[in-house]
1. Return Arg428, Arg215 ranked ascending by Cβ neighbour count within 10 Å, so the fewest neighbours appear first.
2. In whole Å, what three semi-axes, largest first, describe the equivalent ellipsoid of segment 11-160 built from its Cα gyration tensor (square root of 5 times each eigenvalue)?
3. Using the alpha carbon gyration tensor of segment 124-168, what are the three equivalent-ellipsoid semi-axes (square root of 5 times each eigenvalue), largest first, in whole Å?
4. Pairs Lys155/Lys207; Lys342/Lys427; Lys243/Lys323; Lys175/Lys226; Lys86/Lys155; Lys133/Lys208: which exceed 21 Å Cα-Cα?
5. What are the residues whose amide H is under 5 Å from the amide H of Val429, where those residues sit 5 or more places off or on another chain and H is modelled from the backbone?
Amino acid sequence: MTFQKNDIIDYYDDARLSCALVLEVNDRRLHVLNDQGKEANISSSRALIGGMQPDFPSASSRDDQIRKLNEMSARRDEIKITINLKELWEIVGPETDSISLTDLSELLFGAQDGLECRSALVRAIVENRLYFKIKPEGIEAVPPEKVEQEELRRKKELERDLFLSRCADFLSILKTGGELLLSDAPPGLLEMLEEAALMGNDWLTQKKVRDIFSRAGMIPSWNPFKVLVKLGIWSEDENIRLKAEQIPTDFSARAEELANTAANTALENGAPRETFDENVITIDSESTHDIDDAISIGFAGDKIIIGVHIRTLLLTLFYRYFKPLIEGGFIYIAQPPLYKIKRGKEVMYAYSDEEKERLVGKDAPEIEVEAIHEEGEPEPTEEESEATETAKKNSGKVSIQRYKGLGEMNPEELWETTMDPARRVLKRVKIEDAQDADRVFDVLMGTDVPSRKSFIQSNAKLANLDI
């Protein structure tokens with residue numbers, strides 16, 4: 001398509017079509033004055049249609065020219081809204097490969113056809129983008145199947161836009177402190193908010209939710225979690241991780257019944273009592289205040305009250321309910337060290353008394369035993385402090401810390417000694433280990449009181465009591 005000076009054209013100006021007067025033609029570039037009163041240098045390929053307009057005041061003032069361009073643009077828009085492209089598309093028929101703009105305009109407007117009508121038709125096609133496409137060789141009718149697909153896409157897009165607007169309106173009321181009923185929430189909104197809230201700070205990757213919050217003006221001060229709390233659906237301390245993993249938090253009706261019964265049943269000996277003064281038989285340390293590392297023993301008349309080491313309980317659980325895991329060799333016990341030994345900057349770990357003796361020797365000088373002071377224990381006396389200082393001087397700078405349990409380790413020590421796959425010591429549980437644990441569990445926690453009493457009396461001399 002060629003153009004010349006004083007032609008009137010319609011060309012792409014960003015996202016709109018502008019009506020313009022061609023002031024100069026330089027090779028394939030046009031210097032134009034558009035209906036916005038701006039002059040621009042454009043490529044001739046941006047112009048969709050053009051031609052001479054006999055009544056245009058080319059010799060008039062610039063203001064008159066701009067006024068006339070605006071009138072022409074408005075007139076073309078008026079004609080554009082009267083055009084039924086679907087009807088025209090059905091008349092042309094999908095079998096038509098290509099038709100010229102002039103022929104299509106004459107088919108539509110008949111004797112009234114002219115530059116103004118053709119420009120209006122071009123504007124309608126560009127705005128509609130459904131039934132026709134403008135090609136360099138002419139106007140192409142879009143095949144019916146593609147028209148159907150595009151109509152369906154546009155329908156869904158419109159429904160989506162309406163949904164997002166309703167959701168944004170709903171949340172806007174919440175933002176301004178208005179009263180809301182959950183039943184007034186657009187269907188699907190609350191589920192979307194929960195799904196987004198489970199993503200934590202990554203909720204903004206959910207485009208729909210992000211668009212809703214943006215339309216409601218709630219970014220960045222609001223987020224899905226805050227909205228759910230405000231609506232009373234979630235509590236402020238909602239456990240998001242449990243929800244994200246879909247771990248049930250509700251109890252069965254039977255469990256609720258048993259819990260309520262227990263809560264309303266009076267204790268045999270009145271109010272609950274503290275257990276800090278329990279007599280303890282230690283299992284893996286000389287002294288301990290950690291109930292997980294011991295068997296605790298209490299007496300109530302002829303009854304003996306036993307608390308069992310956590311490892312025994314776990315092995316019994318696996319033996320009774322998950323025996324194939326043990327038989328297959330899938331259960332391991334992580335073995336933490338018993339001692340931490342320091343000699344200067346060197347740090348060593350011993351997993352038994354024998355290993356400790358090999359590292360420091362039987363005739364090693366008096367060593368310093370470092371212990372972590374636990375809350376509730378008395379502060380060391382002056383004499384004890386002096387003894388500790390003396391031990392340091394005589395120790396040859398060898399210090400030993402005896403671990404009472406994993407809780408005494410700091411995170412770095414726990415990783416280095418017990419968790420690091422490259423250095424940890426794992427003991428595979430055999431079926432005999434679990435059987436032994438099951439027998440101990442039966443003896444200590446079963447209903448056979450005489451057997452339990454006999455077991456304790458027979459093994460009492462083997463136990464260390466921290467009384």
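1. Placing the least packed residue first, the sequence is Arg428, Arg215.
2. Output for segment 11-160: semi-axes of 30, 17, 15 Å.
3. Three semi-axes, in Å: 29, 12, 5.
4. Working: Lys155/Lys207 19 Å; Lys342/Lys427 26 Å; Lys243/Lys323 30 Å; Lys175/Lys226 11 Å; Lys86/Lys155 16 Å; Lys133/Lys208 31 Å.
Flagged as over cut-off: Lys342/Lys427; Lys243/Lys323; Lys133/Lys208.
5. Counting only residues 5 or more places away or on other chains, the set is Ile331, Tyr332, Ile333.
Values quoted throughout were computed directly from the atomic coordinates according to the rules given, and no laboratory measurement underlies them. This one's a predicted model, so the numbers in the text were calculated from it and none came from an experiment. Here the Cβ is made from the backbone with ideal geometry for all residues, glycine too, and neighbour counts use every protein chain on show.
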